[in-house]
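**Student:** Quick one: this structure, given as structure tokens, is what I'll be asking you about.
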Amino acid sequence: MSEPVPLPALHASHAGTWLRDANGATRGCSKGEAIMAAADTPVLLLNAPLVATRLGYPDLSGLDLLELFAFIHPARFCVPTPKGLAHALGLEEPASDDAVPALLQQAAGALLETCASPDWTEREGAWSALQSLVRLRWPWAQVLAPHVGRPERAEKWLFSRLPEWEEAPDRPPPGQVLIEEPEIEAQLAHLTGAGSERREGQRLYAREVGKVFAPRAKRAAPHLLLAQAGTGIGKTLGYLAPASLWASAARGTVWVSTYTKNLQRQLRGESRRAWPERRADGTQPVVVRKGRENYLCLLNLEDALQGGFGGRAAILAHLVARWAAYSRDGDMIGGDLPGWLGTLFRKRGIAALTDQRGECVYAGCPHYRKCFIERAARASAQADLVIANHALVMINAARGRDHAQRPTRIVFDEGHHVFDAADSTFAAALTGQEAIELRRWIVGPERKNRGRRRGLAARLADVASYDDAGGEAIEAALEAAQALPSDGWLQRLNDGEPYGPLESLLAAVRACTYARDESGGQEAGYGIETEAAGLPGSLVEQAQAARDALAAIRRPLVKLGVRLEAVVEDAPDWLDGQGRARIEGARHSLAWRVDLLQAWEALLDRLGGPADPEFVDWLAVDRSEAREFDVGIHRRWLDPMKPFARVVLEPAHGVMLTSATLRDGDDWQNAIARSGAPHIEIEPMLAHAESPFDYAARAEVLIVTDIKRGDLPALAGAYARLIEAANGGVLGLFTAVRRLRAVHGRIADRLARAGLPLYAQHVDPIDTGTLVDIFRDDPAASLLGTDALRDGVDVPGRSLRCVVMEQVPWPRPDILHRARRAAGGGSVYDDRIIRARLAQAFGRLIRSKDDAGHFVVLSSAFPSRLLGAFPVGTPVIRLTLAEALQRVAAGVSGAETVRESKDRQPS
């Protein structure tokens, strides 16, 4: 066993604070004493931002074990808790809070001992990185220095160690093949493994999915399958079986689209049953694709390492560089970069290291051939299976780039979210933030800061000097872009001094929105909005002036695109392959910005005119914690499945939408409408596989009738008592962040003293994915959250045994919802939304056949018409909180359940 490091160690939780001397005993101490100890000498900590939050001292710093772990084991997973760290290092987990400081000393010793071990697989690059970190005065640098030996040979610079991607010819169109049902069943048996339980529902489901891959009979009429698969069916392998058969036989690519990163990770693991990690030629048959903003940008990283970052952000850059050398794919958001790493640095730097809109110079980048983004794009063009998200699939279908196939065989898992994804993808928003991004892309940075948004002139200087017309177009675009908002625009709006036609329009939008605000200033922490109807004549005039200014920007950009095409077609001698790729990248960027400008012009052109029944328009001032951060005009399709049908469905050959909650009870009508099928006049195939779980015996829905709505003390007390009754393992779901924070603040200390840790979104300085990892890892922990935890959270077993909702999840009554409600049948539309949300929340409870637990709704008037959200046979009981506590404490017993009874309802 390694020797503990003789440094003081500090641990703080809601239950108290403990300090251990360098060579002494552990003692409890006050928060003030802990802060003084940390300020006096470096102390060992675990997750410094979280400890700082517990102590109420934001500037707390020390020797964070998570930073040391990230340096020694980059790209390796660790749950950022004492228990998680102990498991990652093979140490005994602490039995109680007061044992944690000793564990920190022991864990530090184990990590330092790794540096001297010949088995340290991540040694390469560590010495060089440490020298830089010494100069940056990283707290761990001097502690590490004696343990990281200088290598005999000079270590290669990160950017010379990364592999280069290879060009490959485009994949030919897939063959037209028919997958027979016996083949599908045999493949499913192979994927599930010998001796596995035979699930009839999964077999029937897989056979239905196979029909999606049949040859298409008619142009613009894909095979469309809507398949509801109850939890436990095994739908992932159910669709991977026919998908893998088709991909192999047709030599084509199947796109599987998800809504959550958690399912993407699960899919990557499940796909290994059907495909090897690598083909014989070294290529990947399975590729995970995300938006560019998820990946590390190597040029941004180089800028940061060479002085672009300062202070703590510079330390983060070097830890990210360590990770980049060992990362599987450079995915910084949900990939193998620990989600907690960015939060250790208060999230400074992570976004600046990803590929932000407008930054990429494509082949003009010295790291282009090693770019993680380009590698993923090229790999996906050769892959059998591409795992992506709904938005990326829709964007790819709309814009189809050269190095990525247009999706033609698509499985939309979590299909109940396709409507929401289409709603965002096909939206238009002319806001200050969006407009200033466009200005920076055209003009470049306005301050003397580092970075690469250098503007069109710098990016295409060689083209401008070679092609006079192209150069004139660039100059015209630069001049016209001066009409767009610039740095400080929001302050100028507040001061009543807007500059230019766009800022003047935004000032008018802001003034109109505030003039029509109905809240009376009571909702200062939230954004406000108003319909884009009956607008003042002055605002309409300013909208027309802004439209003309946007058109003046668009015209030279269109001309520039034409000139770039001409340069590529009649290439000069100096245009090599790298230059050609850079121009192609510029053409792509130009095309989607021209589309953006056209959408803005169309939006402004309709202001003041008759309303278009296909769209919903409104003005908004976006605020957070009483601080304005954006102003603009928004447009959404009333039914976003109309553009979805045209852009995604029509060009496709086979599409499936699948989910455990696709339909409303037994009714398919809404699922069909939200699939896009009516807009291309096709009849979708329908399939339904019931969950094999015995909900009648394994779950109960408890509707608590004596918690008055709006009574915050009673709500907090109910949560605390339910968590105590369940002995932890509670997922608490809230419809408002403000109430979540208030409840957490009232009950966290009380629960911690009982040995029941409580974590919360929007309170703890930890990203959502890591919060779920912590919750999953500790059966005594409970987690409070909002919508992000209602969908896609997979926590099977004892760690989640009770779901508590603070109230019925009513839709937010904003302008967009009001319009869709009117078009969708009024309260019937609302009820469908609520039942879907309840069904998704209930789905978190039972994830395997051995799971059992309670679903509690703290609602004194839960409408019976919403009970169809729960699986048939699930016991539903209306009762008091005291009775609910008894049932939760006793656990679920199928023989003693009581079904909903009218006489149990309070009078």
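The values are calculated or read from the model by the stated rules, or taken from the named source; none is laboratory data. This structure is a prediction, so every number in the text was calculated from the model and none was measured. Cβ placement follows ideal geometry from the backbone for every residue including glycine, while neighbour counts extend to all protein chains displayed.
**Student:** Which residues, counting only those in region 255-304, are over 28 Å from ARG844 (Cβ atoms), among the aliphatic types (A, V, I, L, M) and touching a residue at least 24 places away in the same chain (Cβ under 8 Å)?
**Tutor:** Within region 255-304, VAL287, LEU296, LEU298, LEU299, LEU301, ALA304 meet the criteria.
**Student:** Given the residues ALA551, ALA507, ALA586, ALA566, which is the only one that is farther than 24 Å from ASP612 by Cβ and at pLDDT 95 or above?
**Tutor:** ALA507 is the lone residue from the list that is farther than 24 Å from ASP612 by Cβ and at pLDDT 95 or above.
**Student:** Now for a separate question. Could you tell me which residue of region 520-534 is modelled with the highest pLDDT, considering only residues that are out of contact with any Asp or Glu (no Cβ under 7 Å at 6 or more places or on another chain), farther than 19 Å from ASP612 by Cα and not aliphatic (A, V, I, L, M)?
**Tutor:** TYR526
**Student:** Pairs only if they're at least six apart or on different chains, beta carbon under 7 angstrom, first in region 841-856 and without any contact (Cβ under 8 Å) to a residue 12 or more places away in the chain and assigned by TED's automatic domain parsing to the domain that holds ALA788, second among the charged types (D, E, K, R) and not in a loop (DSSP other than H, G, I, E, B); list them, first residue then second.
**Tutor:** none
**Student:** Then there's this: Scanning for something among the polar types (S, T, N, Q) and not in a helix (DSSP H, G or I), does region 279-288 turn up at least one residue?
**Tutor:** There is at least one residue in region 279-288 that is among the polar types (S, T, N, Q) and not in a helix (DSSP H, G or I).
**Student:** Okay, moving on. Test each condition in (1) modelled with pLDDT under 95; (2) buried (at least 23 other Cβ atoms within 10 Å of the Cβ) for THR658 and report the one that comes out false.
**Tutor:** Failed condition: (1).
**Student:** For ALA379, are the conditions met, namely being in contact (Cβ under 8 Å) with a residue 24 or more places away in the chain, closer than 20 Å to GLY335 by Cα and part of a strand (DSSP E or B)?
**Tutor:** no
**Student:** Select, from ARG674, ARG635, ARG721, the only residue that is within 30 Å of ARG492 (Cβ to Cβ) and either surrounded by 21 or more Cβ atoms within 10 Å (Cβ to Cβ) or modelled with pLDDT of 95 or more (or both).
**Tutor:** Result: ARG635 is the single residue among ARG674, ARG635, ARG721 that is within 30 Å of ARG492 (Cβ to Cβ) and either surrounded by 21 or more Cβ atoms within 10 Å (Cβ to Cβ) or modelled with pLDDT of 95 or more (or both).
**Student:** Restricting to region 624-655, and then to whatever is on the phi < 0 side of the Ramachandran plot and in a loop (DSSP other than H, G, I, E, B), can you tell me which residue is nearest to the chain's Cα centre (by Cα)?
**Tutor:** Restricting to residues being on the phi < 0 side of the Ramachandran plot and in a loop (DSSP other than H, G, I, E, B), the top hit is PRO640.
**Student:** Given the structure, is MET656 in the same structural domain as GLY210 (by TED's automatic domain parsing) and closer than 30 Å to GLY797 by Cβ?
**Tutor:** For MET656, the condition - in the same structural domain as GLY210 (by TED's automatic domain parsing) and closer than 30 Å to GLY797 by Cβ - is met.
**Student:** On the basis of being within 30 Å of LEU267 (Cβ to Cβ) and at pLDDT below 95, does GLN405 make the cut?
**Tutor:** Yes; evaluated as a whole, the condition is true for this residue.
**Student:** How about region 684-772: which helices (runs of 4 or more DSSP H) wholly inside it have at least 3 residues that are of a type in the set (A, V, I, L, M)?
**Tutor:** Correct list: 712-726, 737-753.
**Student:** May I pose another question? Select from region 661-671 the residues that are more than 24 Å from the chain's Cα centre (by Cα) and part of a loop (DSSP other than H, G, I, E, B) and write down the one among them that is surrounded by the most Cβ atoms within 10 Å (Cβ to Cβ).
**Tutor:** So the residue we want is ARG663.
**Student:** Further, regarding this structure: Please specify each residue of region 802-830 satisfying the condition of being of a type in the set (D, E, K, R) and under 25 Å from the mean Cα position of the chain (by Cα).
**Tutor:** GLU806, ARG812, ASP814
The rows are residues; the columns are (1) touching a residue at least 12 places away in the same chain (Cβ under 8 Å); (2) surrounded by 20 or more Cβ atoms within 10 Å (Cβ to Cβ).
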residue	(1), (2)
GLN761	yes, yes
ILE766	yes, yes
VAL772	yes, yes
PHE775	yes, yes
GLY797	yes, no
VAL803	yes, yes
ILE815	yes, no
ARG821	no, no
GLY825	no, no
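**Student:** Answer yes or no as to whether GLU700 is over 25 Å from ASP787 (Cβ atoms), in contact with a helix residue (DSSP H, G or I) (Cβ under 9 Å, 6 or more places away or on another chain) and not assigned by TED's automatic domain parsing to the domain that holds TYR239.
**Tutor:** Judged against the criteria, GLU700 is not a match.
**Student:** Okay, next question. Residues to consider are GLY500, GLY496, GLY470; find the one that is assigned by TED's automatic domain parsing to the domain that holds VAL621 and free of Cβ contacts under 8 Å to residues at least 40 places away in the same chain.
**Tutor:** GLY496
**Student:** Taking only pairs six or more apart or across chains, which ones have beta-carbon atoms under 7 Å, a first residue in region 697-708 that is closer than 8 Å to ILE877 by Cα, and a second residue that is small (Gly, Ala, Ser) and surrounded by fewer than 20 Cβ atoms within 10 Å (Cβ to Cβ)?
**Tutor:** ILE703/SER859
**Student:** Going residue by residue through region 602-615, is there one that turns out to be part of a helix (DSSP H, G or I), within 24 Å of the chain's Cα centre (by Cα) and over 29 Å from TYR362 (Cβ atoms)?
**Tutor:** no
**Student:** Which one of these does VAL51 not meet: (1) surrounded by fewer than 22 Cβ atoms within 10 Å (Cβ to Cβ); (2) without any contact (Cβ under 8 Å) to a residue 60 or more places away in the chain; (3) not hydroxyl-bearing (Ser, Thr, Tyr)?
**Tutor:** In the conditions (1) surrounded by fewer than 22 Cβ atoms within 10 Å (Cβ to Cβ); (2) without any contact (Cβ under 8 Å) to a residue 60 or more places away in the chain; (3) not hydroxyl-bearing (Ser, Thr, Tyr), VAL51 misses (1) alone.
Table: residues versus (1) of a type in the set (Ser, Thr, Tyr); (2) more than 17 Å from ARG847 (Cβ to Cβ); (3) in the same structural domain as LEU845 (by TED's automatic domain parsing); (4) out of contact with any Leu (no Cβ under 8 Å at 6 or more places or on another chain).
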| position | (1), (2), (3), (4) |
| --- | --- |
| PRO684 | no, yes, no, no |
| VAL704 | no, yes, yes, no |
| LEU712 | no, yes, yes, yes |
| ALA718 | no, yes, yes, no |
| LEU722 | no, yes, yes, no |
| ASN727 | no, yes, yes, no |
| LEU731 | no, no, yes, no |
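**Student:** Further question: Tally up the residues in region 245-266 that are more than 19 Å from the chain's Cα centre (by Cα), among the hydrophobic types (A, V, I, L, M, F, W, C) and assigned to a helix (DSSP H, G or I), please.
**Tutor:** 5
**Student:** Return yes when GLY307 is in contact with a helix residue (DSSP H, G or I) (Cβ under 9 Å, 6 or more places away or on another chain) and surrounded by fewer than 19 Cβ atoms within 10 Å (Cβ to Cβ) and no when it is not.
**Tutor:** yes
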